[in-house]
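Q: The structure's right below; bear with me while I get my questions together.
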Ligand code: IVH
């Protein structure tokens, strides 16, 4: 698999895991495996930042709010934490903070708190009275669980006089190990672990059920507040304690070099604690520094979760299954004799590719060692005991359509050559076409696509738009009815207009993820222009081919894939049919954030009072693009002290020069 495919595979798994965990309270993989997927994806993104935009699953914090609860929009988003797994990674985290803030010698102080394995909650108090509670949901919109939270005895219903008029307090609802065991013993339905039990108990539409379950609460974070109540996180926790909240008594203030000892100590204590923890959260103590550090994506720069390492396990490799993806990639995965690792059953592990199987020498029937550590998970480390099996022969034919499967050049991935005669590829492409970043057709998820494909209703993407014609037939299918069929027709009709970038992405051309699709859309502007250029570019040496090669971000391999797509007669036929069904809108200029810096190209030079990474992050948060060198395209050059050649160049080119105070004013700092 190449990196892009690896990334796509990881993102797909992360998305499935996100929804299993957050929407159904029924995780299918362990937290450690989940973290590992994320880290593997992050590692690829570190090499290919241009793919970041495609990685929505990574910034998706929780699940969609469950239907049935009233939705509640968080005034400030409820975000997540980045993870580290060892001292070195923790040091990197600290170093990043120091660099961001431009710190010289002074040691940073952190509050170390056990990382509770429960579910996060936001508690709002108005005029010192408990007003409402919401779950995290997707981070922006959660579920209103006020009635359920009111069943917690430990919840302060009122705050003392020194509390602000409006304050939102965040924390974790959890179930103790003892309460979890008692609950499982008392009923047929078995929860897999205390976290699921807590989530399942809190998210009951009937709050009287919540009342029968024993739930506990630790408060640990700030949401919005009308008046700030502390200058350090430590004092904030103290204030919460004074107001009657349960605050974890094991939390401590540590200096940056004291974290490792704390981590070791907590790890040793973990098994004896009355509740599950899966690591320690380290938060910068000084709230003014927290504020300056801010957030990137889904997580604060000022905090990190240092997770405990995961265990190893051994089990029998029962089979090596080959899956066929959208671009025909044959991907092996290990089916394992289910093994309990850290309380969760693991049944599958990745085997990456053909070479990896050979390198590890794993054979069906072997006893293999698994690792659920930070990098690649569940990962097979190697063979512990040889079984009866023969060396695994990777198929040279597609297991789904029987076409030849080949490795081209030095690609590690073997691909089915069946193209659109391969049902696996057809289905995967259709799934992709309907998926969120593409046509985003509600109700056309993986299951429905497969169902319609198998029923002969769907062969190519254009067939999707003919589905409303078959509405009556669909309504008559098992599991469907008039209402759901009509809803689907409406969802399809709503997507007959689509932006160019989404459209290009939806086509599922190899290596054209959301980001590359955007680059193409921005460059060519309209569907007609793009298509015409792609057809003209088929000719070697044509202007159109040179133009394609000149688009920044579109390398030769990507260009090759695009041309290959347009060289296929059946793709052109599909496009022609889609053209008849759709209106592809021209690409608009990137929608600007409401800031004088939005969409501007900026360069910082010289010494500023804030460290360069902070300045850059501030500008980018307001929609600016920060570059290193001054050119005619530069809109602003912000000059600090001792600015040199860049400032000079700006003058020469007539680029607007800003002083730091001017920049701060524009940025609202
Ligand atoms: S602070 C912006 N502190 O871990 C930072 N989170 O992986 C907000 N968690 O969503 C989180 N114990 O549900 C924080 N002492 C603690 C925590 C904690 C558990 C959970 C929380 C959060 C998740 C992030």
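Q: When you check residue 638 against the structure, is it assigned to a loop (DSSP other than H, G, I, E, B) and surrounded by 14 or more Cβ atoms within 10 Å (Cβ to Cβ), yes or no?
A: Numbers: assigned to a loop (DSSP other than H, G, I, E, B): no; surrounded by 14 or more Cβ atoms within 10 Å (Cβ to Cβ): yes.
Against the criterion (assigned to a loop (DSSP other than H, G, I, E, B) and surrounded by 14 or more Cβ atoms within 10 Å (Cβ to Cβ)), residue 638 does not qualify.
Q: To continue, here is another question. What is the one condition in (1) under 15 Å from residue 562 (Cβ atoms); (2) touching a residue at least 24 places away in the same chain (Cβ under 8 Å); (3) under 27 Å from the mean Cα position of the chain (by Cα) that residue 517 does not satisfy?
A: In the conditions (1) under 15 Å from residue 562 (Cβ atoms); (2) touching a residue at least 24 places away in the same chain (Cβ under 8 Å); (3) under 27 Å from the mean Cα position of the chain (by Cα), residue 517 misses (2) alone.
Q: Kindly evaluate residue 62 against the criterion of being at pLDDT below 90, under 30 Å from residue 204 (Cα atoms) and within 13 Å of the ligand (Cβ to nearest atom).
A: Yes: the conditions hold for residue 62.
Q: Sticking with this one: I want to confirm something. Restricting to region 289-308 and keeping residues that are farther than 23 Å from residue 39 by Cα and modelled with pLDDT under 95, which single residue is farthest from the ligand (Cβ to nearest atom)?
A: Looking at the filtered set, the residue picked out is 292.
Q: State whether one or more residues within region 22-42 are assigned to a helix (DSSP H, G or I), surrounded by fewer than 18 Cβ atoms within 10 Å (Cβ to Cβ) and modelled with pLDDT under 75.
A: Scanning region 22-42 turns up no residue that is assigned to a helix (DSSP H, G or I), surrounded by fewer than 18 Cβ atoms within 10 Å (Cβ to Cβ) and modelled with pLDDT under 75.
Q: Just the residues that are closer than 27 Å to residue 518 by Cβ and assigned to a helix (DSSP H, G or I), please, taken from region 432-459.
A: Within region 432-459, 432, 433, 434, 446, 449 qualify.
Q: Looking at (1) more than 15 Å from the ligand (Cβ to nearest atom); (2) in a loop (DSSP other than H, G, I, E, B); (3) free of Cβ contacts under 8 Å to residues at least 40 places away in the same chain, which one does residue 249 not meet, given that it meets all the others?
A: Evaluating residue 249 over (1) more than 15 Å from the ligand (Cβ to nearest atom); (2) in a loop (DSSP other than H, G, I, E, B); (3) free of Cβ contacts under 8 Å to residues at least 40 places away in the same chain leaves (1) as the failure.
Q: Collect the residues in region 442-452 that are in contact (Cβ under 8 Å) with a residue 24 or more places away in the chain and under 13 Å from residue 432 (Cβ atoms), keeping them in residue-number order.
A: If the condition is that a residue be in contact (Cβ under 8 Å) with a residue 24 or more places away in the chain and under 13 Å from residue 432 (Cβ atoms), then 444 is the only one that fits.
Q: So which of 278, 257, 319 ends up being assigned to a strand (DSSP E or B), in contact (Cβ under 8 Å) with a residue 24 or more places away in the chain and surrounded by fewer than 19 Cβ atoms within 10 Å (Cβ to Cβ)?
A: On the way: 278 fails: surrounded by fewer than 19 Cβ atoms within 10 Å (Cβ to Cβ); 257 fails: assigned to a strand (DSSP E or B).
Just one listed residue meets the conditions, 319.
Q: Looking at 619, 643, 598, 647, can you tell me which residue is outside any strand (DSSP E or B), free of Cβ contacts under 8 Å to residues at least 40 places away in the same chain and surrounded by 18 or more Cβ atoms within 10 Å (Cβ to Cβ)? If you could, list the steps in order and put the result at the bottom.
A: Values: 619 fails: free of Cβ contacts under 8 Å to residues at least 40 places away in the same chain; 598 fails: surrounded by 18 or more Cβ atoms within 10 Å (Cβ to Cβ); 647 fails: free of Cβ contacts under 8 Å to residues at least 40 places away in the same chain.
The conditions single out 643.
Q: Can you confirm whether region 217-238 contains a residue that is away from the ligand (no atom under 13 Å from the Cβ), within 29 Å of the chain's Cα centre (by Cα), surrounded by 15 or more Cβ atoms within 10 Å (Cβ to Cβ) and not in a loop (DSSP other than H, G, I, E, B)?
A: The answer is yes; a qualifying residue exists.
Q: Filter region 144-166 down to the residues that are surrounded by fewer than 21 Cβ atoms within 10 Å (Cβ to Cβ) and within 31 Å of the chain's Cα centre (by Cα) and list them by number.
A: Matches in region 144-166: 144, 146, 147.
Q: Please pick out the residue among 152, 108, 123 that is modelled with pLDDT of 90 or more and closer than 27 Å to residue 256 by Cα. Don't jump to the end; show me each part of the working.
A: On the way: 152 fails: closer than 27 Å to residue 256 by Cα; 123 fails: closer than 27 Å to residue 256 by Cα.
Going through 152, 108, 123 in turn, the sole match is 108.
Q: Right, residue 106: without any contact (Cβ under 8 Å) to a residue 24 or more places away in the chain and surrounded by 15 or more Cβ atoms within 10 Å (Cβ to Cβ) or not? Break it down stepwise before answering.
A: Details: without any contact (Cβ under 8 Å) to a residue 24 or more places away in the chain: yes; surrounded by 15 or more Cβ atoms within 10 Å (Cβ to Cβ): no.
Considered against the rule, which asks whether it is without any contact (Cβ under 8 Å) to a residue 24 or more places away in the chain and surrounded by 15 or more Cβ atoms within 10 Å (Cβ to Cβ), residue 106 comes out as no.
Q: Which strands (runs of 3 or more DSSP E) sit wholly inside region 96-165 and have at least 1 residues that are farther than 23 Å from residue 283 by Cβ, touching a strand residue (DSSP E or B) at 6+ places or on another chain (Cβ under 9 Å) and within 16 Å of the ligand (Cβ to nearest atom)?
A: On the way: elements: 109-116, 119-126, 129-135, 141-143.
Ranges flagged: 141-143.
Q: Would you mention how many residues in region 409-460 are touching a strand residue (DSSP E or B) at 6+ places or on another chain (Cβ under 7 Å) and farther than 16 Å from residue 495 by Cβ? Before you say what the answer is, go through the steps one by one.
A: Just the residues of region 409-460 that are touching a strand residue (DSSP E or B) at 6+ places or on another chain (Cβ under 7 Å), to begin with: 413-417, 422, 424-425, 439.
Okay, now just the ones that are also farther than 16 Å from residue 495 by Cβ, so 413-417, 422, 424-425.
Counting residues in region 409-460 that are touching a strand residue (DSSP E or B) at 6+ places or on another chain (Cβ under 7 Å) and farther than 16 Å from residue 495 by Cβ gives 8.
Q: Of the conditions (1) without any contact (Cβ under 8 Å) to a residue 12 or more places away in the chain; (2) more than 23 Å from residue 509 (Cα to Cα), residue 391 clears all except one; give me its number.
A: (1)
Q: Ok, one more. If you go through region 521-543, how many residues are within 11 Å of residue 563 (Cα to Cα) and buried (at least 16 other Cβ atoms within 10 Å of the Cβ)?
A: 4
Q: Do we find that residue 357 is out of contact with any helix residue (DSSP H, G or I) (no Cβ under 7 Å at 6 or more places or on another chain), part of a strand (DSSP E or B) and within 14 Å of residue 393 (Cα to Cα) in this structure?
A: On the way: out of contact with any helix residue (DSSP H, G or I) (no Cβ under 7 Å at 6 or more places or on another chain): yes; part of a strand (DSSP E or B): no; within 14 Å of residue 393 (Cα to Cα): yes.
Answer is no for this residue.
The values are calculated or read from the model by the stated rules, or taken from the named source; none is laboratory data. Because the structure is a prediction, the values reported are computed rather than measured. Methodologically, a virtual Cβ is constructed for each residue, glycine included, from the backbone with ideal geometry; neighbour enumeration extends over all protein chains shown.
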